[in-house]
Amino acid sequence: MKNSTSALNGDFGLIINDVSRRDLKDQDFQRDAYDLWTQRGGLLAVRGDDLRDLAPAELVAWSNVFGDVETKAQAAREDKMVKGFPILRIGNIKNDAGKPAAQLAIVPQLRNDSDVRYNPETRRPVWHTDSTFRQNPPIGSVFHCRQAPTAGGETLFADTRTAYARLDDETKARLAHLEAVCSVAHHDKKISLYSPAYPVLTPEQRAANPPNRVPIVLDHPVSGIPALYGLNSSTCAILPKDEQIAPDVLDVCDLEGVEDDSVQIWRDMLPYVTGPDFTVKWQWQPGDIV
């Protein structure tokens with residue numbers, strides 16, 4: 001690869017610099033990028049001035065380098081999508097009618113690097129793995145920055161692979177038998193409690209999107225390396241693999257946005273997993289793809 005690269009945090013994460021739109025279409029570049037993505041714990045960034053005006057079709061094509069792009073729109077977010085493409089807008093932009101054109105969650109800005117680590121008292125930052133509530137969760141997410149704020153808006157990433165590897169054997173054995181119950185109805189209701197404009201599911205949408213269950217420890221489908229998994233704002237309970245969630249408990253989770261106490265199993269690990277040994281704070285520039 002002719003482009004220069006820089007590590008983001010030891011073996012976790014890598015940025016490829018001076019990338020052009022032509023590079024994204026080059027098969028050798030694609031092959032190298034895929035290998036680096038796998039080797040660097042699943043975090044790869046590309047940066048270049050030429051990427052600022054990347055077209056939606058080009059973003060989808062680049063995303064397909066890493067796996068088949070999911071085309072199904074997420075419930076209650078259809079009006080936040082780029083028309084004709086499986087791309088969800090995230091931000092605070094509005095359409096010509098003055099209505100939100102992007103998905104927005106209102107959370108405090110990071111004051112300094114110490115705010116990266118999860119704070120059990122404030123439950124911030126909102127650390128999560130994307131889309132665990134989907135019946136077939138994706139292998140990853142691709143972000144492209146069109147506009148960046150002058151301050152704030154950072155995205156945080158954690159190396160759950162290395163964090164898992166450093167756990168003691170007793171903890172690993174305990175986690176091996178647990179699953180996270182992930183409900184998009186719970187996810188949306190919970191976020192709406194601190195972001196009032198956030199969409200919530202209708203009864204019909206809730207019925208069409210039942211909870212999904214995922215393991216707390218997941219072997220990566222490409223590398224085979226185990227990692228911690230299953231924490232999302234949709235995670236409403238953590239249960240042994242053979243135990244079902246009671247319907248009345250699920251109703252409280254979905255309709256009131258309240259977590260079951262069992263989710264504390266994951267939250268108790270978060271200050272460790274989100275410590276400086278395992279994390280990257282990404283400050284966006286227009287054109288960045290992560």
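The values are calculated or read from the model by the stated rules, or taken from the named source; none is laboratory data. Please read all numbers here as calculations on a predicted model, not as lab measurements. Neighbour counts run over all protein chains shown; Cβ positions are idealised from the backbone, glycine included.
Filter the range 144-192 down to the residues that are among the hydrophobic types (A, V, I, L, M, F, W, C), surrounded by fewer than 17 Cβ atoms within 10 Å (Cβ to Cβ) and farther than 21 Å from Gly91 by Cβ and list them by number. Within the range 144-192, Ala165, Ala173, Ala176 meet the criteria. Screening Asn9 with (1) without any contact (Cβ under 8 Å) to a residue 60 or more places away in the chain; (2) in contact with a Pro (Cβ under 9 Å, 6 or more places away or on another chain); (3) within 30 Å of Gly275 (Cβ to Cβ) gives one miss only, at (1). Screening Ser141, Ser114 for residues that are surrounded by fewer than 16 Cβ atoms within 10 Å (Cβ to Cβ), part of a loop (DSSP other than H, G, I, E, B) and polar (S, T, N, Q) leaves exactly one candidate, Ser141.
Consider Ser131 carefully, then state whether it is on the phi > 0 side of the Ramachandran plot and under 17 Å from the mean Cα position of the chain (by Cα). Considered against the rule, which asks whether it is on the phi > 0 side of the Ramachandran plot and under 17 Å from the mean Cα position of the chain (by Cα), Ser131 comes out as yes.
Just name the residue that is farthest from the chain's Cα centre (by Cα) out of those in the range 261-281 that are exposed (fewer than 14 other Cβ atoms within 10 Å of the Cβ) and either at pLDDT below 95 or within 18 Å of Gly230 (Cα to Cα) (or both). Ranking the qualifying residues of the range 261-281, first place goes to Asp261. Restricting the search to strands (runs of 3 or more DSSP E) fully inside the range 205-290 and requiring at least 2 residues that are more than 18 Å from Leu167 (Cα to Cα) gives 212-215, 235-240, 279-282. Only one entry in Ile106, Ile15 is closer than 22 Å to Arg146 by Cα, hydrophobic (A, V, I, L, M, F, W, C) and touching a Leu at 6+ places or on another chain (Cβ under 9 Å), namely Ile15. Annotation: Thr162 fulfils all but one of (1) among the β-branched types (Val, Ile, Thr); (2) in a loop (DSSP other than H, G, I, E, B); (3) at pLDDT 95 or above; the unmet one is (2). Taking residues in the range 161-182 that are closer than 16 Å to Gly41 by Cβ, and partners anywhere that are of a type outside the set (Phe, Trp, Tyr) and assigned to a loop (DSSP other than H, G, I, E, B), the pairs with Cβ atoms closer than 6 Å and at least 6 places apart or on different chains are Arg161/Gly41; Arg161/Ile225.
Filtering the range 33-52 to residues that are of a type outside the set (Ser, Thr, Tyr), surrounded by fewer than 16 Cβ atoms within 10 Å (Cβ to Cβ) and over 17 Å from Phe278 (Cβ atoms) leaves Asp35, Asp49, Asp50, Arg52. Here is a list: Leu24, Leu36. Which entry is over 21 Å from the mean Cα position of the chain (by Cα) and in a helix (DSSP H, G or I)? Matching residue, one of Leu24, Leu36: Leu24.
Each residue in the range 93-103 was checked for being in a loop (DSSP other than H, G, I, E, B) and either within 15 Å of Lys190 (Cβ to Cβ) or among the charged types (D, E, K, R) (or both), and 2 of them qualify. Count of the range 54-79 residues, restricted to those that are among the acidic types (Asp, Glu), over 23 Å from His220 (Cβ atoms) and at pLDDT below 95, is 2. Does at least one position in the range 193-201 carry a residue that is among the aliphatic types (A, V, I, L, M), surrounded by 18 or more Cβ atoms within 10 Å (Cβ to Cβ) and touching a strand residue (DSSP E or B) at 6+ places or on another chain (Cβ under 8 Å)? No, the conditions are met nowhere in the range 193-201.
In the condition set (1) loosely packed, with under 13 Cβ neighbours inside 10 Å; (2) part of a loop (DSSP other than H, G, I, E, B); (3) free of Cβ contacts under 8 Å to residues at least 60 places away in the same chain, Ile106 is compliant with all but (3).
Across the range 39-61, the number of residues qualifying as more than 26 Å from Gly84 (Cβ to Cβ) and in a loop (DSSP other than H, G, I, E, B) comes to 5.
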